[in-house]
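Colleague: Got a structure for you, questions after.
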Amino acid sequence: MTTQQTATPAAVTTAELTELITSVYREALQDEGLDETSDFFECGGDSLAAFQITGRIEREVGGEVPVALVFAYPTPVELAEAVAEELGGGDERTDG
């Protein structure tokens, strides 16, 4: 079996996404104390911050992330799971 480095969005794990999104939250919301369970709204998040967050995630993972996900899944851990699903992580298939 060979492994190809094609930079596909599905190549990132949920744990890696959680770390990335937590970091992005800290930057966008300007609060280094945020963790993976910090709530976007409770931390002062607004629509501008949501667009900043999704834009940064899209650049990092190479896939489209709808801004609505930030509002529907307000913590980094919840958002990471939703993004993984959105990028195809929930539809893993193996052959043979």
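Colleague: Find the accessible area per residue for the range 19-91; the probe is 1.4 Å, ligands and nucleic acids are left out, and the unit is Å². Before the final figure, lay out the partial values.
Modeller: On the way: 3870 Å² over 73 residues.
Per residue, the range 19-91 has 53 Å² of solvent-accessible surface.
Colleague: With label points built 7 Å along Cα→Cβ from the Cα atoms of residue 51 and residue 16, find their separation and express it in nm.
Modeller: Rounded to a tenth, the inter-label distance reads 2.9 nm.
Colleague: Additional query: Amide H of residue 88: which non-local residues (sequence gap of 5 or more, or other chain) have their own amide H closer than 5 Å, using H built in the peptide plane?
Modeller: The list, which skips near neighbours in sequence, is empty: none.
The values are calculated or read from the model by the stated rules, or taken from the named source; none is laboratory data. These figures come from a predicted structure and were not determined experimentally. Reconstructed Cβ throughout: ideal geometry from the backbone, glycine too, with neighbour counts over all protein chains shown. Just the protein is used for accessible areas: all its heavy atoms, side chains included, with ligands, DNA and RNA removed. Shrake-Rupley method; radii C 1.70, N 1.55, O 1.52, S 1.80 Å.
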